[in-house]
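The values are calculated or read from the model by the stated rules, or taken from the named source; none is laboratory data. Everything numeric in this text was worked out from a predicted model, so none of it was measured. Methodologically, a virtual Cβ is constructed for each residue, glycine included, from the backbone with ideal geometry; neighbour enumeration extends over all protein chains shown.
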Amino acid sequence: MFVIDEWSKEHLHEVSRELLFSLNYMWFLMEGWVKENCPEKIADESFIQLNEDFGTYEAARLQRVVKTEKRGIDLIVEFLKRSHWAAFEDLELKKISDTELRMRTKNCTAQKASKKWGMEYYECGKMGLLLRGSFFKKIDPRARVARVFTPPDSRPEGTPEEISCEWSITLEQ
């Protein structure tokens, strides 16, 4: 095991950042491998369940370090600021009301990578909905997420070109 307690903050930050990029890259490689070698497994419930499991797991781990008195949408925002989305993406979070949040990703890294690898777009709608749904529900059981758009959907009128996807998070009363 690493003796990280002896590392400087700067060194820990550098190593953590590089590990995050490595894990993100490996996720894309593994997903690509499954699509190529086991295309029938992509739609399998057990593979799909991995996304829900990851969302729940990430939120549960973050509950160990997010210490705040905030509740509801404000609490969800605090978790998002520490999530893998915030680590990799340029997020635009807009609190619409005490029960609604808009989450947008600008210039998504997955969409950039898909173009680089010769794909038209990265299909993230279904899996992204499951991942976000379980993440938000772990933070607040009242949370519901709806996909506004993801590639290849058309952007709603007036949505800037740099916005790659948009999600609506609401809290049921």
| message | So, in the stretch 35-51, how many residues would count as being in contact with a Phe, Trp or Tyr (Cβ under 9 Å, 6 or more places away or on another chain) and either closer than 19 Å to Met119 by Cα or surrounded by 15 or more Cβ atoms within 10 Å (Cβ to Cβ) (or both)? | response | 1
| message | Could you go through the stretch 54-65 and let me know if any residue there is closer than 21 Å to Ile163 by Cβ and modelled with pLDDT under 95. | response | no
| request: Enumerate the pairs (first residue in the stretch 1-24 and touching a residue at least 24 places away in the same chain (Cβ under 8 Å) and under 16 Å from His84 (Cα atoms); second residue anywhere and assigned to a helix (DSSP H, G or I) and hydrophobic (A, V, I, L, M, F, W, C)) with beta-carbon separation below 7 Å, excluding pairs fewer than 6 apart on the same chain, so at least 6 apart or on different chains. | output: Leu20/Ala87; Asn24/Phe88
| message | Being of a type in the set (A, V, I, L, M, F, W, C), surrounded by 11 or more Cβ atoms within 10 Å (Cβ to Cβ) and under 21 Å from Leu131 (Cα atoms) narrows it down to one residue among Trp7, Trp27; which is it? | response | Trp27
| message | Given the criteria at pLDDT 95 or above and basic (Lys, Arg), does Lys95 qualify? | response | yes
| query | In the stretch 141-173, which residue that is surrounded by fewer than 18 Cβ atoms within 10 Å (Cβ to Cβ) and acidic (Asp, Glu) is nearest to Leu129 (Cα to Cα)? | reply | Asp153
| said: Quick check on my filter: what residues within the stretch 52-70 are among the charged types (D, E, K, R) and free of Cβ contacts under 8 Å to residues at least 24 places away in the same chain? | reply: Arg61, Arg64, Lys67, Glu69, Lys70
| message | Condition first: touching a helix residue (DSSP H, G or I) at 6+ places or on another chain (Cβ under 9 Å) and hydrophobic (A, V, I, L, M, F, W, C). Now tell me which residues in the stretch 24-47 satisfy that. | response | Phe28, Val34, Cys38, Ile42, Phe47
| Any pair with Cβ under 7 angstrom, 6 or more apart, that starts in the stretch 143-162 at a residue that is more than 24 Å from Arg71 (Cα to Cα) and of a type in the set (Val, Ile, Thr) and ends at one that is modelled with pLDDT under 95 and outside any loop (DSSP other than H, G, I, E, B) | Thr150/Gly125; Thr150/Gly128
| Test for Ile76: is it among the β-branched types (Val, Ile, Thr) and modelled with pLDDT under 85 | no
| Hits in the stretch 112-134 (condition: in contact with a Phe, Trp or Tyr (Cβ under 7 Å, 6 or more places away or on another chain) and either among the β-branched types (Val, Ile, Thr) or modelled with pLDDT under 90 (or both)) | Ala113, Ser114
| field | All positions within the stretch 52-74 that are of a type in the set (A, V, I, L, M) and surrounded by 17 or more Cβ atoms within 10 Å (Cβ to Cβ) | value | Ala59, Leu62, Ile73
